[in-house]
Amino acid sequence: PEDTSLYEHTLEGTDDMTSHIKSSLMGSSVTVPITRGHFNMGTWQGIYLCEHRNRG
């Protein structure tokens, strides 16, 4: 690229690098079936939303 400064993280904190690693290990998408307007999950299944940064 001509201007590599456009691709540098300048506003991220020190916790940003580990956040990228954690999100790569956990994945970023999932498909959940919906039946009659409700999530169709098994007894021991759940949905978790994670924010891996301390601030942002």
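The values are calculated or read from the model by the stated rules, or taken from the named source; none is laboratory data. Since this is a predicted model, take the numbers as computed values, not measurements. FYI the Cβ positions are ideal-geometry reconstructions off the backbone, even for glycines, and counts take in every protein chain you see.
Annotations
- Tabulated pairs, the range 43-56, first outside any loop (DSSP other than H, G, I, E, B), second surrounded by fewer than 11 Cβ atoms within 10 Å (Cβ to Cβ) and at pLDDT below 75, C-beta under 7 angstrom, 6+ apart or interchain: none
- Boolean, G46 is out of contact with any Asp or Glu (no Cβ under 6 Å at 6 or more places or on another chain), at pLDDT 80 or above and of a type outside the set (A, V, I, L, M, F, W, C): yes
- Members of the range 7-29 found to be exposed (fewer than 10 other Cβ atoms within 10 Å of the Cβ) and at pLDDT below 80, listed by number: Y7, E8, H9, T10, L11, T14, G27, S28, S29
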